[in-house]
Amino acid sequence: MTIDLQKPATIMRGIGSYVPSQVVDNVALSKKVDTSDEWIRSRTGIKQRRIATEKESTSDLAFNAAQNALKNAGLKANDIDLVIVATITPDMAFPSTACLIQHRLGIPKVACFDIEAACSGFLYALDIADGMLSSGRFNCALIVGAEKLSSIMDWEDRTTCVLFGDGAGAAVLAKTGKGPKLIGFKSGADGSNPTLLHQPAGGSLEPASLKSLENRGHFLKMNGREIFKSAVRVMGAAARDLIAENGLTEKDIDHVIPHQANARIVESLSQRLEIPLEKFFCNLDKYGNTSAASIPIAFDEATRASIFKKGQLGLFVAFGAGLTWSAVLVCF
Ligand code: UT7
């Protein structure tokens, strides 16, 4: 291992998450949709997901996760001077969900914006926040990955609606204090095939109309098989490059928190990277794929289960619509 741990790094002062209370298991879903518990479990590893009520929006989930992260960091909302929310299901196209939670947190004037990098969004936000904190112009960032994916699910499309869930995860980052150190980043994208995973209508290309509603264009559409293959390839490459660029080998990695999309994707990634499956933390059985929220929810759960030992190395790795990908190295 050749990592210089004395080098100034961004520190994750606290992590927190929040999921809606409503649990929908596969059996309940199979009463609404032409599917079965057996199919969903064997093809994805998912057993249940959380679904927000009509009254709960993405900003509600984000706000609760942010409060939990602040509490775990031992900090107050007033300590924050930058808010970034990663989401593909903002409360509305604008203003940003970051502005909405800023108001609820009672921290007027601090910089706020959303980013849209789909399931890689939380890791992209860590990368961006690291740059902004390292510039010296910001001191303490609140990063949130939050999704109400049930709001863009086509409940008549069994190939997608069984896969996703709602939730939020948040982290508080600063250049000083105690907590896991963020020591390396690798974010990228390939925009050559945007329709592999997309929401066709509701934007400037196809604004909302009676026709777009009839065509169910406001729902998520996905080519699952192609996404599966790309996911393993791009996450594998991002992880390998990041590990090598930091003078490490795959053997140096103690824990992997992958994007929680499908247990079979995680198994294939483990084989490709030759990192044993036991080192991968998964909770997708409980929450399904929560897109930008999946890694912070998993990281929060793993942190609360005390699975990380001081000095161990962790790898976060994600892929998503775009295609986007991102990998982040962490020293616990
Ligand atoms: O964050 C990124 C988000 N996206 C992903 O991570 C998705 C990546 N892709 C996948 O996870 C997998 O491709 C899926 C789980 C989506 C699908 O698994 P698969 O093994 O690739 O199945 P398939 O699409 O090849 O479908 C196999 C069969 C088909 O029937 P036929 O044509 O073989 O008769 C489907 O119609 O399974 C059928 N099927 C279902 N059956 C019961 C598809 N969805 C369902 C369902 N219940 N929910």
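The values are calculated or read from the model by the stated rules, or taken from the named source; none is laboratory data. Source: prediction; values computed, not measured. Cβ sites come from the backbone with ideal geometry, for glycine too, and all protein chains shown count toward neighbours. These accessible areas exclude ligands, DNA and RNA; they are computed on the full protein's heavy atoms, side chains included. Shrake-Rupley method; radii C 1.70, N 1.55, O 1.52, S 1.80 Å.
Ranked from highest to lowest mean number of other Cβ atoms within 10 Å per residue, what is the order of the peptides 161-169, 22-30?
Numbers: 161-169: 27.9, 22-30: 15.8.
Top to bottom by mean Cβ count within 10 Å: 161-169, 22-30.
With both residues required to sit in segment 183-331, DSSP beta bridges show an antiparallel share near 75%.
Heavy atoms only, probe 1.4 Å: what % of the accessible area of the chain goes to carbon and sulfur, would you let me know?
Working: 7570 of 14720 Å².
Using a 1.4 Å probe with all protein chains present, the chain comes out at 51 percent carbon and sulfur.
Which whole-number percent is the relative contact order of the chain (Cα, under 8 Å, 6+ apart)? Mind showing how you got there, number by number?
Working: 790 pairs, mean separation 85.2, N = 332.
Worked out over the chain, it gives 26 percent.
Summary of the geometry: segment 53-122 and segment 133-182, compared by the centres of their Cα atoms, lie 9 Å apart.
Segment 190-210 and segment 275-301 have their alpha-carbon centroids 28 Å apart.
Let me know the shape class of the chain, please: from the alpha-carbon gyration tensor, a ≥ b ≥ c as square roots of the eigenvalues, rounded when a/c is under 1.5, otherwise prolate if a/b is greater than b/c, or oblate. In terms of gyration-tensor shape, oblate.
Using C-alpha pairs under 8 Å with a sequence gap of at least 6, the mean separation divided by the residue count of segment 170-290 gives a relative contact order of 21 percent.
Kindly identify segment 62-169 as rounded, prolate or oblate by the Cα gyration tensor criterion: order the square roots of the eigenvalues as a ≥ b ≥ c, call it rounded if a/c is under 1.5, otherwise compare a/b with b/c, prolate if a/b is larger, else oblate. Since a/c reaches 1.5 and a/b is larger than b/c, the shape of segment 62-169 is classed as prolate. Between M12, M92, M235, the GNM of the chain built on Cα springs shorter than 10 angstrom shows M92 fluctuating the most. Of the beta bridges in the chain, as assigned by DSSP with both residues counted there, near 70 percent are antiparallel.
What you get for segment 1-129, charging only the Cβ of Lys and Arg (+1) and of Asp and Glu (-1), is a dipole of about 320 debye around the Cα centre.
Based on alpha-carbon positions alone, could you give the equivalent ellipsoid semi-axes of segment 130-217 from the gyration tensor, as √(5λ), descending, whole Å?
On the way: eigenvalues 265, 55, 37 Å².
That gives 36, 17, 14 Å for the three semi-axes.
The residues of segment 132-194 present an accessible area of 38 Å² per residue when probed at 1.4 Å with all protein chains retained.
Ordered by packing density, taken as the mean number of other Cβ atoms within 10 Å over each peptide's residues, highest first, how do 239-252, 195-208 rank?
Values: 239-252: 16.1, 195-208: 14.1.
For the peptides 239-252, 195-208, the packing ranking is 239-252, 195-208.
Highest mean first, the peptides 43-52, 275-284 sorted by other C-beta atoms within 10 Å per residue fall in the order 43-52, 275-284. For V83, the residues whose amide H sits under 5 Å from its own are A111, C112, F113, L142, ignoring neighbours fewer than 5 places away on the same chain, with H placed 1.01 Å from N. Shape analysis of segment 183-331 based on the Cα gyration tensor places the equivalent ellipsoid semi-axes at 32, 17, 13 Å, largest first.
Determine the sum of side-chain charges near G74: Lys and Arg each +1, Asp and Glu each -1, restricted to other residues whose C-beta is under 12 angstrom from that of G74. It would help to have the intermediate numbers written out before the result.
Working: positive: R13, K71, K76, K178; negative: D79.
Here the count lands on +3.
Restricting to Cα atoms and excluding each atom paired with itself, what does the Kirkwood estimate give for segment 1-130 in Å? Show your work: numbers first, answer last.
Details: mean 1/r = 0.0583 Å⁻¹.
One decimal place: 17.1 Å for the Kirkwood radius.
Each Lys and Arg adds +1 at its Cβ and each Asp and Glu adds -1 at its Cβ; summed about the Cα centre, the chain shows a dipole of about 600 debye.
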